[in-house]
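Report on the structure given below.
The values are calculated or read from the model by the stated rules, or taken from the named source; none is laboratory data. Keep in mind the model is a prediction, meaning the values are calculated, not measured. Reconstructed Cβ throughout: ideal geometry from the backbone, glycine too, with neighbour counts over all protein chains shown. The area values use the complete protein model at the heavy-atom level, side chains included, leaving out ligands, DNA and RNA. Shrake-Rupley method; radii C 1.70, N 1.55, O 1.52, S 1.80 Å.
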Amino acid sequence: MITRLKGKISATRLTHSFGVEYTAACLAMVHGEDVEKARIAGLLHDCAKGLPTKTKLEKARKHGLPVSKYEEKNPDMLHAKLGAYYARYKYDVVDQVILDAITYHTTGRPNMTLMDKIIFVADYIEPNRKMLPEMEEIRKEAFTDLDACVIHILKNTLDYLNRTTAEMDYMTQKTYDFYVVHNMEL
């Protein structure tokens, strides 16, 4: 997988993918998830990120992947869905848990699986990431309270998007709303 991946993404993206692989494995050990599956999902989560923006939309349509209005305007967000597709058909990953974690690693989704949460969080906190606001606290939460960490990341993402002119994928807001309500019910 690594050999094939090296030819498809930049050296910087490969370093990030190794960081997500490592972080996902650590989170899997702490939270009782399959370490090998976490490693694979972490390694391949951005395997389609290197495609040119216009190509992402073309490939998604060609392969019959659902494309939201937001993704039509922001085709780079399709790298997650295309990544899952490529993981399946170019890297021979058949485990749906891994494929779903790749699909939802950017926006999350309501009622995420443990693997979804691990890859979502690992992508945000891996050691090569630039320091974002509250990163130290978020990194600690990742190993002590994964749901609180997911909510924290989603809140920070929404706050950032609301402060900028960037458009937001509805799934991020939907995921945040789900976890805030779910957390209040506990």
(request) Can you bin region 45-149 into rounded, prolate or oblate? Criterion: square roots of the alpha carbon gyration tensor eigenvalues sorted a ≥ b ≥ c, rounded for a/c under 1.5, prolate for a/b above b/c, oblate for the rest. (result) prolate
(request) Answer rounded, prolate or oblate for region 70-120, using the Cα gyration tensor with square roots of eigenvalues a ≥ b ≥ c: rounded when a/c is under 1.5, else prolate when a/b is larger than b/c, else oblate. (result) oblate
(request) Report the label-to-label distance for ASP76 and ALA166 in nanometres (one decimal), using points 7 Å from each Cα along the Cα→Cβ vector. (result) 0.9
(message) Contact order normalised by length for the chain, with contacts defined as Cα pairs under 8 Å and 6 or more residues apart; what percent is it?
(response) 22
(message) What are the membrane-span-like helices in the chain by this rule: whole DSSP H runs, Cα extent along the axis at least 27 Å, mean Kyte-Doolittle hydropathy at least -1.0?
(response) 11-31
(message) So with the 1.4 Å probe, I'd like the accessible area per residue for the chain, rounded to whole Å².
(response) 52
(request) Considering only MET112, MET168, MET77, give the residue with the highest GNM mean-square fluctuation for the chain, with springs between Cα atoms whenever their separation is below 10 Å. (result) MET168
(message) What is the percent carbon and sulfur in the accessible area of the chain, measuring with a 1.4 Å probe over the protein chains and ignoring ligands?
(response) 53
(message) Using a Gaussian network model on the chain with a 10 Å cutoff between Cα atoms, which of LEU158, LEU43, LEU78 fluctuates the most?
(response) LEU158
(request) Please work out whether region 111-179 counts as rounded, prolate or oblate from its C-alpha gyration tensor, where a ≥ b ≥ c are the square roots of the eigenvalues and a/c under 1.5 means rounded, while otherwise a/b larger than b/c means prolate and anything else oblate? (result) oblate
